[in-house]
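Data block below; observations after.
The values are calculated or read from the model by the stated rules, or taken from the named source; none is laboratory data. The structure presented is a predicted model; accordingly, all values stated were derived computationally and were not measured. Cβ sites come from the backbone with ideal geometry, for glycine too, and all protein chains shown count toward neighbours. The accessibility values were calculated without ligands, DNA or RNA, using every heavy atom of the protein model including side chains. Shrake-Rupley method; radii C 1.70, N 1.55, O 1.52, S 1.80 Å.
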Amino acid sequence: MPKTEDIIQKSGVSRSTVFRFLRGDNVRPEARKAILKAMHELGYSTRELFLKDVVFEISVAKDFEKFKGFTEVIQGITERAEVKNVKIQLAIRTGEQIRKDYERWSEKNGTKGVIIIGKDWDNETLEAQWLRDKKIPHIFVNRVIEEPDISYVAVDVRKAACDIVEYLINKGCRKIATLGNPGTLRIDRDKLAGYDDAFEKKGLKADEKYKFILEEDDSSADAIEKILNMEDIPDAFFGICDSYAMEFINRAREKGFRIPEDISVVGMDDLDIAQYFKPALTTVKTPFRELGMLAVDYLLQILTEDLVSVKSIVKHTLHIRESA
């Protein structure tokens, strides 16, 4: 069966113009005439071509289930893809698999773009390099990547972290414990930078003894145990994800600490369970479903408008509940 590439070659019209036409946008009369003539000769209708040719891959890591917002992002992607008549495929790739997959990449296989979700810093960097070099339309979800030709849709997690830690500082907390793995995860780096920003904004300096930096094989459980065994117990805990915050609350209560009377606790993400947890978790809302929907919209925009990149920041919100 002929594909978009055949239409482009036969009509002599640019790729972006062909995609705009197939999406129903207006194109120059001469371009429209050439595209319709080529499609007629190839025996294809516009709707048939669009339905058969537009496929997006969702590129994830092997341990993608560890990313707690995955389900919501996928829900947003699939809902919007169905509306836009885009087919979705899941591709699990990290390390060497990234190189292998992109070395043999070809639009002729029907895949037009890639949505990247929830990978660590090394794999994001490697994949971004291949996507850039091969000029593959793509968009990273909830990663702010500085390179000008890399596309993303994300919450400003550094600003979000700053806002929630500033909330704790405004409540009088100064000994705010936290943990993360900034050496491996870009998003941890950005959130911990936001933690520092909040203290600096208030003219204060965070006490480094309350910041626990995890190495690759370290566990959050061990770090939480160390925090709760400190001689000078923190008055608050900043969980850079809701999972860390809820894990901290459970362990703290086992040790007899009251939340929030003894230690205030906040998280980030606002997973579905956060509002039903006991005590209900104060956290930052990351609109994962919306990010998934926008990823499809922006990737289509990159294709149809022949854009180099799209960078979009989505608003976050604080949800104040019982834990702080």
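The table that follows gives values for the structure above.
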{"item": "Pick from segment 53-93, criterion among the β-branched types (Val, Ile, Thr), surrounded by fewer than 19 Cβ atoms within 10 Å (Cβ to Cβ) and outside any helix (DSSP H, G or I), ranking: farthest from the chain's Cα centre (by Cα)", "result": "55"}
{"item": "Pair list, Cβ < 9 Å and 6+ apart or interchain, from segment 292-310 residues that are within 15 Å of residue 128 (Cβ to Cβ) to residues that are polar (S, T, N, Q) and part of a helix (DSSP H, G or I)", "result": "310/301"}
{"item": "Residue within segment 303-315 that is open to solvent by 50 Å² or more (accessible area, probe 1.4 Å), within 14 Å of residue 155 (Cα to Cα) and not charged (D, E, K, R) present", "result": "yes"}
{"item": "Hits in segment 197-210 (condition: outside any loop (DSSP other than H, G, I, E, B) and either surrounded by fewer than 17 Cβ atoms within 10 Å (Cβ to Cβ) or modelled with pLDDT under 95 (or both))", "result": "200, 201, 208, 209"}
{"item": "Single condition residue 223 does not satisfy, out of (1) surrounded by fewer than 18 Cβ atoms within 10 Å (Cβ to Cβ); (2) at pLDDT 95 or above; (3) in a helix (DSSP H, G or I)", "result": "(1)"}
{"item": "Extreme residue, nearest to the chain's Cα centre (by Cα), among residues of segment 144-169 that are modelled with pLDDT of 95 or more and charged (D, E, K, R)", "result": "156"}
{"item": "Out of 294, 281, 299, sole residue that is open to solvent by 10 Å² or more (accessible area, probe 1.4 Å) and either closer than 30 Å to residue 14 by Cβ or of a type outside the set (Ser, Thr, Tyr) (or both)", "result": "294"}
{"item": "All positions within segment 65-91 that are hydrophobic (A, V, I, L, M, F, W, C) and at pLDDT below 80", "result": "67"}
{"item": "Members of segment 106-123 that are of a type outside the set (Gly, Ala, Ser) and buried (at least 23 other Cβ atoms within 10 Å of the Cβ)", "result": "114, 115, 116, 117, 119"}
{"item": "Enumeration of residues in segment 253-304 that are charged (D, E, K, R) and on the phi < 0 side of the Ramachandran plot", "result": "253, 254, 255, 258, 261, 262, 272, 278, 285, 289, 290, 297"}
{"item": "Residue, modelled with the lowest pLDDT, within segment 24-52, restricted to residues that are open to solvent by 70 Å² or more (accessible area, probe 1.4 Å) and not in a helix (DSSP H, G or I)", "result": "25"}
{"item": "Residue match in segment 246-255 (condition: out of contact with any strand residue (DSSP E or B) (no Cβ under 7 Å at 6 or more places or on another chain), within 20 Å of residue 167 (Cα to Cα) and surrounded by fewer than 18 Cβ atoms within 10 Å (Cβ to Cβ))", "result": "no"}
{"item": "Cross-chain or 6+ apart pairs with Cβ under 6 Å, segment 139-163 first and among the β-branched types (Val, Ile, Thr), then surrounded by fewer than 18 Cβ atoms within 10 Å (Cβ to Cβ)", "result": "153/312; 155/314"}
{"item": "Extreme residue, modelled with the lowest pLDDT, among residues of segment 265-276 that are open to solvent by 10 Å² or more (accessible area, probe 1.4 Å) and part of a loop (DSSP other than H, G, I, E, B)", "result": "271"}
{"item": "Selection within segment 261-281 - more than 21 Å from the chain's Cα centre (by Cα) and either under 25 Å from residue 219 (Cβ atoms) or among the hydroxyl-bearing types (Ser, Thr, Tyr) (or both)", "result": "262, 263, 264, 265, 276, 277, 278, 279, 281"}
